Amino acid sequence: MASRKGQRAPAEMKRALQRAAVEVVAREGIRGLTYRAVAGAAGVTTGAVQHHFSSIDDLLRSSLDWVLEESAENGLLGARAGIFAGGPDVRKRFAESADIQIFQYRLVVESAGRAELRPGVQRLYESYFGAVAKDLASIGASPDDGLTSLVYYALDGMFLHQVADPEADPGAALDALRTLLKASGAAKTSIVDT
């Protein structure tokens, strides 16, 4: 809802700028994240971006917060942790959230050289590990840190592969993961057979 004719409400504007920042980072990398690039992607002035974000780092951190909220609200955490998803569903969900996934990977890589980004990346990982642990518990597994990490790393690699090759079919890998969980006794219910 606009606050004045033709203008967006402050919260709506902030969300639009966060989405635009994610798009810019996904397309151009973190070095391409400028007030001008975000303004262009959002269809606003650079002054509007500067009004909402005191620095590019503030915009980057805020955009990660938006990504975490968006992922939780739209089931993307579950999609990436999707032990029960089929290959076509994973590809579809990835295509629908490609900018968000690419943004996250770029942020993870950038955090290796920028310690100030690491707390946000840690929150991102905690969210995904939590989603995996929840999925494992739902099939009767005891989601200890080792099993949760192993399953997450397998799924994370699958999604990274989707970045490079969106047409890759992860279905066989997901089937193999479910078979391994069942064979190891980690899964105590037949839900793994889905």
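Against the main long axis of the alpha-carbon atoms of the chain, helix 10-28 sits at an angle near 70°.
Partner aspartates and glutamates whose Cα lies under 16 Å from the Cα of Lys14, excluding those fewer than 8 positions away in the same chain, are identified as Glu23, Asp57, Asp58, Asp65, Glu69, Glu70. Expressed in units of 2.2 N^0.38 Å, where N is the residue count, the Cα radius of gyration of the chain is 1.14. Couplings 3J(HN,Hα) for the range 89-102, derived from phi with the Karplus relation 6.51 cos²θ - 1.76 cosθ + 1.60 (θ = phi - 60°), are 5, 5, 4, 5, 5, 5, 4, 6, 10, 4, 4, 5, 5, 5 Hz, where x marks Gly and Pro.
A 1.4 Å probe run over the chain, with the rest of the protein chains in place, finds 51 Å² accessible per residue. Projected label points at Asp99 and Thr34, each 7 Å from Cα along the beta carbon direction, are separated by 1.9 nanometres. Close amide H partners of Val44, meaning residues 5 or more places away or on another chain with modelled amide H under 5 Å apart, do not exist here. Sequence-distant contacts, meaning Cα pairs under 8 Å at least 6 residues apart, place the relative contact order of the chain at 22 percent. Using a probe of 1.4 Å, the accessible surface attributed to Arg118 totals some 110 Å² when neighbouring protein chains are kept in position.
The values are calculated or read from the model by the stated rules, or taken from the named source; none is laboratory data. All of these numbers come straight from a predicted model, not from anything done at the bench. We place every Cβ from the backbone using ideal geometry, glycine too, and count neighbours over all the protein chains shown. Ligands, DNA and RNA are excluded from the accessible area calculation, which covers all protein heavy atoms including side chains. Shrake-Rupley method; radii C 1.70, N 1.55, O 1.52, S 1.80 Å.
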